[in-house]
Structures are given as structure tokens and as C-alpha cells.
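Notes for the one structure printed next.
The values are calculated or read from the model by the stated rules, or taken from the named source; none is laboratory data. Quick caveat, the model's predicted, so the values are computed rather than measured. Counting neighbours? That spans all protein chains shown, and the Cβs are built from the backbone with ideal geometry, glycine included. Surface areas here come from the heavy atoms of the whole protein model, side chains and all, with no ligands, DNA or RNA. Shrake-Rupley method; radii C 1.70, N 1.55, O 1.52, S 1.80 Å.
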Amino acid sequence: MNLIDLPTNVPWLSLIWLSLVIPTLIIALLKPEQKREIRIVGAVFSFISLALTLLVYLAYDYRSPQQFQFLEEVPWLPELGINYILGVDGVSLPMLLLNGLVIFTGALISWNIEERTREYWALLLLLAAGVYGVFVSLDLFLLFIFYELAVLPMYLLIGIWGSTRKEYGAMKLTLYLMGGSAFIILGMVAVYYSGTLRTFDMRLLAQSALFSRDVQIIFFVPLFLGFAVLAGMFPFHTWSPTGHVAAPTAVSMLHAGVLMKLGAYGCLRVAMWIFPEGASYWLLPIAIATLINAVYGASIAMTQRDFKFMIGYSSVSHMGLTLMGLAAANTIGITGAVLQMFAHGVMTALFFAVVGRMVYDRTHTRQFPELGGLFNVMPFAAIVFIIAGLSSMGMPGLAGFWAEFNIFMGMWQRFPLIAVLAGISIPITAGYILLAVYRVFFGELKNPEFRRLPGLTTPEYVAGVILAAVLIVSGIYPAYLTEPIEASVRPIAEALARAGALGMVGR
């Protein structure tokens, strides 16, 4: 049911990703000393991209029999089966909205960047443009091009503007993600040559009859793992906290809030959609790995003395729950996984905005023993951090509750024991969040110098209000997310169920 109508002759999805490519060209024409103009261009166009995603979201009709809408199809290299095909469904739509929210609020948080401002903004917008492209691509080759466009700027953004062993963090992240890309390329080659069609059109490739069961079981592994590396799946997660901590604040927001979602999105949209029999075969090992993700990540987060490292390991834990929802391979579990992508993306963007920009940039420390009593000097930062923390804990009334509820319901139907064991992560999460809130914001002011900290800026207030409001609205009225998501994941869940049934017959 769509709330507005948009002209069908306008390439809305192309406009979304181009709305962040165009400002990079404008910024390149500005002089390095025109910092104010550069910031205004970046913020204005990031807002335009967010506005476009909202228009598409409101115009999407999830009750339509046509799953993919706003389709754009242009021949590119038709002799190789490569075409420019864009479209959105209920899975990609919330991801578009998430990226729009995070890049706009990240632009507001980036207002203080002084070093090489022009290059920073150009790379930041280019990264987000690549993310948009991944979420709207229906051609596998095109998706991979956008995927690389989203990943590669991270090396420079962390290596130049980061902190805390930034060169090590940038190199480690890049090597891990390049290894994942190598797996994806192997899977793409297998997809192209193993089927009866020579095409990268994922709508055609998703017809599982194109691939034998053996092909699906073998090549699902590299295709899934290639994307799972970016999702922070155990044991390929170690790059993630290091990268989070080394990155500048807005890049941390995009890194944890959106880029890790590219990995989970690729696991679902590419690996599980194209190879359902392969996915069905490997569900148990995947579920076990995600269990380790959830409990191990939460446990390590509890032991951290560094505020930002705690949030980094928290992301590992929550992304484990996301992948667990996918491993449930049923409608309710996958719906929860997509909802968790959105909820965690907003929540962790708010976490890093508070930790990196509001706290660290003013106090110049992230160590818990050196912080304390900051509610007295920055109450707004404390309030929005608590809202994000309650969502992280799965508190009813906030976005995280509905995501985790669906994930655990789905996993209970598939592997009840794993659902029970994964529940251990819930009290541990509550523990490290409550400890962090107490250590940083309450108690006595540890350092008298903190009383003279500069106040928060208007862009910081705006970013915090937007992200906190989305978490609250999504908790009170989750249907605006769950209804389109459920309508689109149901065919995938049904294909996985049929594949599982065929597998049982085959045995």
C-alpha cells in the first residue's frame, strides 16, 4: 500500500545514488580553503538523498504482486549478460532509508573536520553512493561494482583521518574485505558458468532449477562467506572492532551502521536467494557460528575499558543476531534479521556519534576510569545514548525489541537449543550497557576540567534527535518496516523451505 504516487518516467533509484556522486564533482571544483562551502554542499546533497529515499519508501506498494518496483533496465554489456538493472523491494527499501539517515546525520557530525576537508567529504559521499548502489542493484555484476565502490574509500578515510593505530586498522580492514571480495568473485564465476543461462540478472538466477544441488552446496560457501566477512561473522570478525575504533566518527557511523549491513544483505540477497538448496544444507554450521558471534561479542564488550571498543564488540554481537535470523530460514526469522539491520544501523550510528564526537572529541579520552559524571555537563548526550542503549538491550517500545523478538522466534522454530543459548547474550548486553552508562555519565565528575568542556553544537543536536526519534518511532509503530519486509522475505523463506524438503528427500 503506497501513500504517495511518483511519476513512473523518472529514474528515481539512479537519482538516489547520483545525488551523492554529483556533490563529489562539485566539491572537487571548490578550493581546499572553501571549507564552509564544502560542508554545506555535502550536507545539502546528503539531505537530498535522504529525501529521495523517503519518497521512494512512501511510494512503494508492498501489496502489489510486483515484488520489485521502480525498475530501471538499460543494456550495458548484453553479450556478457551484464546490464544496468535497478529495483527495490521490502528488503532493500529499509536499507535505503537507513543509509540516507546515517549519511545525513554523519554529515552533520562531520562539521568539525578541518584536515583535508575537500578530500574527506568527497570520499565520504562516494562511499555512501556505493552503498545506495548495492541496495538497488538487481544485476550481480553491477552489485559487485557498487560493493567495491563502497568498501575501497574506507582505507583512505581511516588511514588519513582516523586515530588509535589508524594505519593498522585501515590495512587490516582492507585485507579482510579484499579476501572476502575474492570469495565473492569465485562465487560469481560459478554462478555465471554453472547455470544454463549466461546472465548476471539475479531475478533469473534465483530460479534454483538453473543449478544442480551439488553446485549450490559447493559454491554457496564462498558466496556466503565473501559477504559474511563484511558482516563481521565469526571467525572473520576481528577486523571490525579495530576498524570501528580507528575510524573518524562519521566513518564509524557508516562503517558499523551501514557497511556491515552490506555483508548481511549480500548473504541474503545473493547467496541465499540464488542458492537456496546450498543455504538449506549449511544452515546448522551458520547458526552455530552466529551463536558464537552473539555471545562472544557481548562477553568481550563487557570486559572493555575503552568506550569505543565496547561499542565495536557490541556490533559484532548484534550482527551475530542478524545472521542468526537469516540462519532461521523462515519468514519470521528473516524479517527479524532485516529489521535488526535497520535497528542496529540507527542505534550504532547514534552510539558512535555520542562516543566519538560528543565525548571523545571534547574529553580526549575513551577510557572508562577517566570518565564519569558527564551527565552534569552534557545531559543531551547521556539521554540519547541511553535511548540507543535501551534499544540495544531489546527494551520494548524501541526498534531493537521487535528485531530480536522476531529473530529468537524464528530460531526457536529452526534450532531451539541455539535460540536458548543465544539468549545468554541478552543479560550480558544489558550488563555492559548499564555499566557504560553509569561509568561515563553518572556518579561524580572525575575530572574538574570537564566542567569547562565546550557545549554541543546545533548539528550534533539535530543528528542525535533524528536518530533517537527513529528508534522510538520504529519501536512504537514497527509495521511501517515489518509489513514491506515480510511481504518480500516470504518468497525467499518459501524457496528455502522447498529446498530443505528436497534435501530431506535426497537423503
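Which of the residues spanning the stretch 106-155 are of a type in the set (Asp, Glu), open to solvent by 10 Å² or more (accessible area, probe 1.4 Å) and in contact (Cβ under 8 Å) with a residue 40 or more places away in the chain? Spell out the reasoning first.
Let us first name the residues in the stretch 106-155 that are of a type in the set (Asp, Glu), namely 114-115, 119, 139, 148.
Imposing the further condition that a residue be open to solvent by 10 Å² or more (accessible area, probe 1.4 Å) reduces the set to 114-115, 119, 148.
Result: Glu114, Glu115, Glu119.
How many of the residues in the stretch 156-169 are of a type in the set (D, E, K, R), in contact (Cβ under 8 Å) with a residue 24 or more places away in the chain and in a helix (DSSP H, G or I)?
So the answer is 1.
Give the residue, chosen from Leu93, Leu98, that is in contact (Cβ under 8 Å) with a residue 60 or more places away in the chain, touching a Lys or Arg at 6+ places or on another chain (Cβ under 8 Å), open to solvent by less than 10 Å² (accessible area, probe 1.4 Å) and under 24 Å from Ala399 (Cβ atoms).
Numbers: Leu93 fails: touching a Lys or Arg at 6+ places or on another chain (Cβ under 8 Å).
Within the list Leu93, Leu98, the selection yields Leu98.
Tell me whether the stretch 116-134 contains one or more residues that are out of contact with any Leu (no Cβ under 8 Å at 6 or more places or on another chain), outside any helix (DSSP H, G or I) and more than 30 Å from Arg213 (Cα to Cα).
Yes, that holds for at least one residue.
Of everything in the stretch 206-229, what is more than 24 Å from the chain's Cα centre (by Cα) and closer than 30 Å to Ala256 by Cβ? Give them in sequence order.
Residue satisfying the conditions is Phe219 alone.
If Leu173 satisfies every condition in (1) within 27 Å of Pro78 (Cβ to Cβ); (2) within 17 Å of the chain's Cα centre (by Cα) but one, which is the exception?
Every condition holds for Leu173 apart from (1).
With respect to Phe450, determine if the residue is crowded, with 16+ Cβ neighbours inside 10 Å, at pLDDT below 90 and assigned to a helix (DSSP H, G or I).
Criteria met by Phe450.
Would a scan of the stretch 259-273 turn up a residue that is under 28 Å from Leu417 (Cα atoms), open to solvent by 10 Å² or more (accessible area, probe 1.4 Å), modelled with pLDDT of 90 or more and over 21 Å from the mean Cα position of the chain (by Cα)?
Checked against the condition, which is being under 28 Å from Leu417 (Cα atoms), open to solvent by 10 Å² or more (accessible area, probe 1.4 Å), modelled with pLDDT of 90 or more and over 21 Å from the mean Cα position of the chain (by Cα), the stretch 259-273 yields no hits at all.
Specify the residue that is modelled with the highest pLDDT; the eligible residues are those in the stretch 156-180 that are aromatic (Phe, Trp, Tyr) and surrounded by 19 or more Cβ atoms within 10 Å (Cβ to Cβ).
If we take residues in the stretch 156-180 being aromatic (Phe, Trp, Tyr) and surrounded by 19 or more Cβ atoms within 10 Å (Cβ to Cβ), then Tyr176 is modelled with the highest pLDDT.
Within the stretch 180-232, which residues are among the aliphatic types (A, V, I, L, M), under 25 Å from Leu323 (Cα atoms) and part of a loop (DSSP other than H, G, I, E, B)?
Ala206, Ala231
State which residue is surrounded by the most Cβ atoms within 10 Å (Cβ to Cβ) when the search covers only the stretch 192-236 and only residues that are at pLDDT below 85 and aliphatic (A, V, I, L, M).
Only one residue fits best here, namely Leu210.
For the stretch 292-308, name all the residues that are open to solvent by 30 Å² or more (accessible area, probe 1.4 Å) and either of a type in the set (Val, Ile, Thr) or assigned to a helix (DSSP H, G or I) (or both).
Ile292, Val295, Tyr296, Ser299, Ile300, Met302, Thr303
For every residue, the table says whether it meets (1) in contact with a helix residue (DSSP H, G or I) (Cβ under 8 Å, 6 or more places away or on another chain); (2) open to solvent by 20 Å² or more (accessible area, probe 1.4 Å).
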| site | (1), (2) |
| --- | --- |
| Leu52 | yes, yes |
| Val56 | yes, no |
| Glu73 | no, yes |
| Tyr84 | yes, yes |
